Amino acid sequence: MKTPKQYQFIIQLGRALHIYGVPSYKIQIYLSEVAKTKGIRGSFMDTPTWINYVFYSENEDESYNHIESIAPGGINLGALSRSVEITDQVLANQIDFDEASLQLRMVYKQSKKFNHLILALAFALGAGSFNLLLGTNWISFLVASLMGIVVYGLTYLGLRSQFINNTLEALAAFVVTIFIGLLSLWLPDLNIPLTILSAIIIFIPGLAITTALEEITYKSLVSGSAKLADASISLFKQFFGTILGLSVLPLFCDININSAISNMPLWSKYLGIPLLAICLLPIFQVRRKDMLYGILTSIISYSVTVLLSFTGILISTFIGSITVVLVSLLFSYITKSPRHVFITQGIIMLVPGSKAFMGISTIFLGSPIENVGSLGSQVAYILMGVIGGLLFSGSFNTK
């Protein structure tokens, strides 16, 4: 049965928002708003692996149901911004459904084009800048940057091999652990645990865990629970690869994972924030007009939590999250881009994915990989602060 023409754009829009990484409850809010504005009665449900659309006739004695199986999407803030622009033009009656559908297809095609050199540099810069934030040493920084390129190489191969794609997170963690362990034989000052963490930081599902809890808080229980389970498994796959590498290395050589020298100047740690924000731009495919504001959102987000650190990790993260939403509202007004574009870049500076990885390391390795106490409670406080900030700032009630 052919899909009625008046419903095709809404179905296509839901698919696009899903693919570009929008939280499920926000997709449902957005589709409901579009349908209502165009005089269409409908109900929508988005989950990580399928979308259900139900459209009703005026007297509700007939309905049209469309169910589509679709793989979980990744974050693409540029394509998301363009899709929302197209939809706003539809709502303003500037273009019709046919033209909007054509433009959405063009956006999708553009989203599949990558500059692999820039992405490789972004992975390297992301790993190196996070290493700066951890405050290790210059040797660890350089090795982490090199391993970032290795990780992107595996990611690139994953696009061409289903086996590599299915095992990517564990395989990447295993490969970089082996390489870093071998390099430590010639580089005794190399901080092995934190360099491994920096190399695979792009896979650490801190943002995914936060998004899952955000959806559960909004009562989108099916999608939120599924995403939380997926993010947790992703974290354990990466830890499995790391533990496997650390178990294999002693069979061939002697390494000391606890030996580490931290001699980075204070300014280098703060340099890591703008560098990390810059590397996220090509990874999230942020549009040029949003780049500067995205970087500013990230810097403001981290700076607020640092300046308020004396209040404790819960309050500083809570106020930092509220600040991100308010700043995103301002930047959205300036750029006409969705708030989600800037909220994502700001919140990612607050999420506790790396601390969760450290906490698991403490349990399985018997000794912490960083000299910090009570990592479990820190992760819980950060998550509560982020979710509480989003809740009290009204972020849950808007698209």
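The values are calculated or read from the model by the stated rules, or taken from the named source; none is laboratory data. Keep in mind it's a predicted model, so treat the numbers as computed, not measured. For neighbour counting, all protein chains shown are included, and Cβ atoms are generated from backbone atoms with ideal geometry for every residue, glycine included. Just the protein is used for accessible areas: all its heavy atoms, side chains included, with ligands, DNA and RNA removed. Shrake-Rupley method; radii C 1.70, N 1.55, O 1.52, S 1.80 Å.
To keep it simple, each residue is scored yes or no on (1) of a type in the set (Val, Ile, Thr); (2) modelled with pLDDT of 85 or more; (3) at negative phi.
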| position | (1), (2), (3) |
| --- | --- |
| 145 | no, yes, yes |
| 151 | yes, yes, yes |
| 162 | no, yes, yes |
| 167 | yes, yes, yes |
| 198 | no, yes, yes |
| 205 | no, no, yes |
| 227 | no, yes, yes |
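Do you know which of the residues in the stretch 225-235 that are of a type outside the set (A, V, I, L, M, F, W, C) and in contact with a Pro (Cβ under 9 Å, 6 or more places away or on another chain) is surrounded by the fewest Cβ atoms within 10 Å (Cβ to Cβ)? That would be 232. Report whether or not residue 199 is surrounded by 23 or more Cβ atoms within 10 Å (Cβ to Cβ), out of contact with any Asp or Glu (no Cβ under 7 Å at 6 or more places or on another chain) and either among the hydrophobic types (A, V, I, L, M, F, W, C) or farther than 30 Å from residue 388 by Cα (or both). Criteria met by residue 199. Against the numbered list (1) outside any strand (DSSP E or B); (2) open to solvent by 10 Å² or more (accessible area, probe 1.4 Å); (3) touching a Ser or Thr at 6+ places or on another chain (Cβ under 7 Å), residue 13 comes up short only at (2).
Can you work out which of the residues in the stretch 53-89 that are of a type in the set (Asp, Glu) and outside any helix (DSSP H, G or I) is nearest to residue 30 (Cα to Cα)? Looking at the filtered set, the residue picked out is 68.
One line per residue, one yes/no per condition, for (1) open to solvent by 20 Å² or more (accessible area, probe 1.4 Å); (2) within 20 Å of residue 281 (Cβ to Cβ); (3) among the hydroxyl-bearing types (Ser, Thr, Tyr):
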{"residue": "76", "(1), (2), (3)": "no, yes, no"}
{"residue": "87", "(1), (2), (3)": "no, no, yes"}
{"residue": "93", "(1), (2), (3)": "yes, no, no"}
{"residue": "133", "(1), (2), (3)": "yes, yes, no"}
{"residue": "136", "(1), (2), (3)": "no, no, yes"}
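Within the stretch 236-276, which residues are open to solvent by less than 70 Å² (accessible area, probe 1.4 Å), in contact (Cβ under 8 Å) with a residue 40 or more places away in the chain and of a type in the set (Ser, Thr, Tyr)? Within the stretch 236-276, 242, 259, 268 meet the criteria. Does the stretch 175-188 contain any residue that is among the polar types (S, T, N, Q), in a helix (DSSP H, G or I) and under 26 Å from residue 284 (Cβ atoms)? No, every residue in the stretch 175-188 fails to be among the polar types (S, T, N, Q), in a helix (DSSP H, G or I) and under 26 Å from residue 284 (Cβ atoms). Within the stretch 106-120, the set of residues being part of a helix (DSSP H, G or I), over 22 Å from residue 332 (Cα atoms) and in contact (Cβ under 8 Å) with a residue 40 or more places away in the chain comprises 108, 116, 118, 119.
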